[in-house]
1. With n ≥ 4 as the cut-off for DSSP H runs, can you work out [θ] at 222 nm for the chain, using -39500 (n - 2.57) per run divided by the number of residues, rounded to the nearest 500?
2. Please work out the Kirkwood hydrodynamic radius for segment 49-155, using every pair of different C-alpha atoms, and report it in angstroms with one decimal place.
3. Determine the relative contact order of the chain: mean sequence separation of Cα pairs under 8 Å and six or more apart, normalised by residue count, in whole percent.
4. Let me know the whole percent of all Cα-Cα pairs from segment 176-306 that are separated by more than 20 Å.
5. Find the Cα radius of gyration of segment 60-123, compare it with 2.2 N^0.38 Å by division, and give the number to two decimals.
6. Considering only DSSP beta bridges whose two residues both sit in the chain, what percent are antiparallel, to the nearest 5?
7. With contacts defined as alpha carbon pairs under 8 Å and 6 or more residues apart, what's the relative contact order of segment 208-306 in percent?
8. Rg(Cα) of segment 199-241 divided by 2.2 N^0.38 Å?
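Bear in mind that the values in this text are calculations on the coordinates, not laboratory data. All of these numbers come straight from a predicted model, not from anything done at the bench. Methodologically, a virtual Cβ is constructed for each residue, glycine included, from the backbone with ideal geometry; neighbour enumeration extends over all protein chains shown.
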Ligand code: PSU
Ligand code: MN
């Protein structure tokens, strides 16, 4: 047991362990969206819906979280409930050692979830939007560690582009610099989270989950240990008008600046502000795209296992 622990510094839930051992499809889900991205208690309900969407696509969900210093891959509903309690923190990849030493409890961002997924041998991860190059990064230097982690973990990430508070063009440039392949599913455009088109094209379009699975296999055959960014636009029925989003993002950023919000507190602050400024519309859209991305990730994992 002790030796086991040293080889696998995380707790693998039994259904996830069994699926991985049998070569059945598994999808990793981040949990910063539960602890910090969505209001409580809606966020717990959303976590359950994302897991259900993965299951409906034929795969096993593995929501990653840190509970009292233990990295858990495949958190139970009871474990996830601890992420909406006071004191739960937002954990990026670089925060994991601190979380272990200080026995913290928190939601993992895409960067930390990528580290856990690769360690567990999970090939596909789903999220709403990755962190990217923030608007104004030329001054603040705020570039999400999600991008760097994507370039060094052999995990495909399904998302609706970068969060609306990011600069889509600069995010795409940075992904190119890092050597992260980007592929659109059912779109030739880089999505803008709440809106389907950021105004930028993606380098390649895949016809569906089977073709994405072929991309993942090709990366492996090439001996690459880097990720793949799979972008999937928000479902049309839930998409918001880009102009409305841009105006709300501008207002939210001005508020954050006036209050001196920065660093990893910025994203949660902006998301909450957007929800308030759009009278809940961004929340509805966020839930719709999260669910659609979880379902697509499940289909990709299934195609990869088949
Ligand atoms: N997208 C959302 N809600 C979120 C996030 C993304 O709709 O809460 C989270 C993800 O966990 C992502 C993180 O990895 O924000 C990025 O944060 P930062 O910009 O601080 O790197
Ligand atoms: Mn940041």
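1. -14000 deg cm²/dmol
2. 14.6
3. 21
4. The calculated P(r) of segment 176-306 puts 55 percent of pairs beyond 20 Å.
5. Normalised by 2.2 N^0.38 Å, the Cα Rg of segment 60-123 equals 1.00.
6. Here the share of antiparallel DSSP bridges comes out near 25 percent.
7. Relative contact order of segment 208-306: 47 percent.
8. Normalised Rg, Cα atoms only: 1.46.
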